[in-house]
Amino acid sequence: MQYIFEKGNLHGKKLLLLHGTGGDETSLLEIARYLDEEATILSFRGTVQESGMNRFFKRNGLNQFDLESLEAESDRLVQMITSVSEEKGIALEEWVIVGYSNGANIAAHILLERHFTIKQAILFHPMSLGVDTQEFPISTKNIWLSVSENDPIVSKEASDQLIQQLKNRQVAVTITATDSGHQITMDEIKQAKKWLNERQTL
Ligand code: MLT
């Protein structure tokens, strides 16, 4: 998988970026630098192509997810994150995932469905992918996420379902509501930054 790694200040956050459909490893860099200008950044490019757009797993139309691809790509991403982290000498627990849309969706899926020690995530406009097969404890995880009532891609049911899945597993969830559809707004970035600043740097 293609990725960018930028070493930040020793005391900066460790931010792991996963872009939305049609983005790439550079898409969330500006947001990450705003979240913490001293951050170490690891940012991946999704390997699935849809009409020239990068994604992290296949779909067969809007919100018609290819679950086989989702599972295979989740494994691939977990492997990549683990091996790059090892190579760079960064413990998995240090990362805060920053995902948007398709990237936020695969992040939530991994946190719910894989034994994976990353604990913190900022998820812009995520949704449930309808997969809920695990019960192992993930109560030490802490997730900030944004929702929008007029999001044309993520229905209220789909975001509520994800929030419920996380809460059922005792994940601490902080929710910011916006009214700007599927877009990331400055206001929600500021809310995410506030949440991030309250988190302990490991
Ligand atoms: C997805 O396919 O993951 C969601 O529909 C979000 C998106 O449009 O990428």
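Brief remarks follow.
- Residue count for region 87-110, restricted to those that are under 20 Å from residue 47 (Cβ atoms), in contact (Cβ under 8 Å) with a residue 40 or more places away in the chain and among the aliphatic types (A, V, I, L, M): 6
- Enumeration of residues in region 59-86 that are open to solvent by 80 Å² or more (accessible area, probe 1.4 Å) and without any contact (Cβ under 8 Å) to a residue 12 or more places away in the chain: 60, 64, 68, 79, 86
- Within region 36-55, considering residues that are in contact with a Ser or Thr (Cβ under 8 Å, 6 or more places away or on another chain) and hydrophobic (A, V, I, L, M, F, W, C), the one surrounded by the fewest Cβ atoms within 10 Å (Cβ to Cβ): 53
- Scan of region 170-182 for residues that are out of contact with any helix residue (DSSP H, G or I) (no Cβ under 7 Å at 6 or more places or on another chain) and surrounded by 14 or more Cβ atoms within 10 Å (Cβ to Cβ), ordered by number: 171, 172, 180, 181, 182
- For region 98-120, the set of residues classified as surrounded by 21 or more Cβ atoms within 10 Å (Cβ to Cβ), farther than 15 Å from residue 167 by Cα and away from the ligand (no atom under 15 Å from the Cβ) consists of 98, 118, listed by residue number.
- Residues located in region 16-35, provided they are open to solvent by 20 Å² or more (accessible area, probe 1.4 Å) and touching a helix residue (DSSP H, G or I) at 6+ places or on another chain (Cβ under 7 Å): 21, 31, 34
- Residue check for residue 191: within 18 Å of residue 31 (Cα to Cα), outside any helix (DSSP H, G or I) and either open to solvent by 70 Å² or more (accessible area, probe 1.4 Å) or away from the ligand (no atom under 16 Å from the Cβ) (or both): no
- Only one of the numbered conditions (1) in contact with a strand residue (DSSP E or B) (Cβ under 8 Å, 6 or more places away or on another chain); (2) modelled with pLDDT of 95 or more; (3) more than 15 Å from the ligand (Cβ to nearest atom) is not met by residue 180, and that is (2).
- Scanning region 148-158 for residues that are open to solvent by 30 Å² or more (accessible area, probe 1.4 Å) and either of a type outside the set (A, V, I, L, M) or under 10 Å from the mean Cα position of the chain (by Cα) (or both) yields 149, 150, 152, 155, 156, 157.
- Strands (runs of 3 or more DSSP E) wholly inside region 18-78 containing at least 1 residues that are at pLDDT 95 or above and away from the ligand (no atom under 16 Å from the Cβ): 40-44
- Selected residue [within 12 Å of the ligand (Cβ to nearest atom), in a strand (DSSP E or B), in contact (Cβ under 8 Å) with a residue 24 or more places away in the chain and open to solvent by less than 10 Å² (accessible area, probe 1.4 Å)] from 145, 123, 162: 123
The values are calculated or read from the model by the stated rules, or taken from the named source; none is laboratory data. As the structure is a computational prediction, the values presented were derived from the model and not from experiment. As a convention, Cβ positions derive from the backbone with ideal geometry for all residues, glycine included, and neighbour counts pool all protein chains shown. To get the accessible areas, we keep the full protein, side chains included, count just its heavy atoms, and leave off ligands, DNA and RNA. Shrake-Rupley method; radii C 1.70, N 1.55, O 1.52, S 1.80 Å.
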